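As structure tokens, the structure follows; a few thoughts come after it.
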Amino acid sequence: MAFSLTTWDRIKIFSKFIGQKVWIRSLHGYLYGKEREHQFGILTGVKTDAIQVKIDNHRLWIHQDDGFSLYEVKLLLKPLSQLTPEIMKTANELPVVVFITQYYTNLGFDMPVFLEPHSPSNCKYVRELEMADYRSEKEILEAETTAVIS
């Protein structure tokens, strides 16, 4: 089921994951030979209508538009099923219980989001909102290569 997220919804979600890896798929450049179709970077910032991603030594602002976009951007997160006993032990020792979610988010785990009261996207994981992928960079590139060959 696809969720209709506004630009502001997407920015709010991205803002919780600054410092995490992202996968950027060009929806135009590859066709014209201008840039690689798949790039990977680190989410470094947000503003009202864009996110900033560091790729190698370059910083790129990627506009988040409710309509047409030149890029598809997904966070590369881990499912909660990959939590280890050590991580859970550390989380349970935090001084305030509400810090646990932020701790897991900082470690790159997918967490349910809250956007605003009565939003149908509340309590959905970022992957459910089609803004994250659980695969590694290598797995993504291999899958995309296989899809092109098929």
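The heavy atoms of PHE40 offer some 40 square angstrom of accessible surface to a 1.4 angstrom probe. Of the accessible area of region 7-148, computed with a 1.4 Å probe over protein heavy atoms only, carbon and sulfur atoms account for 55 percent.
The value given for the chain is a Kirkwood hydrodynamic radius of 16.6 Å, derived from the mean inverse Cα-Cα separation. Using the Kirkwood radius built from alpha carbon pairs, what does the Stokes-Einstein equation give as D for region 86-129 at 37 °C and 0.692 mPa s, in µm² per second? Diffusion coefficient, whole number: 285 µm²/s. Along the axis of the charge dipole computed for the chain (Cβ charges of +1 for Lys and Arg, -1 for Asp and Glu, origin at the Cα centre), the listed residues ILE24, LEU75, GLY45 are led at the positive end by GLY45.
Per-residue packing, averaged as other Cβ atoms within 10 Å, sorts the ranges 126-137, 82-93 into the order 126-137, 82-93, beginning with the highest.
Surface exposure of the chain, expressed per residue as accessible area with a 1.4 Å probe, stands at 62 Å².
The values are calculated or read from the model by the stated rules, or taken from the named source; none is laboratory data. In this text, all values refer to a predicted model and were calculated from it rather than measured experimentally. Positions of Cβ are backbone-derived with ideal geometry, glycine not excepted, and every protein chain shown enters the neighbour counts. Remember, those area values only see protein heavy atoms, side chains included, never the ligands or the DNA or RNA. Shrake-Rupley method; radii C 1.70, N 1.55, O 1.52, S 1.80 Å.
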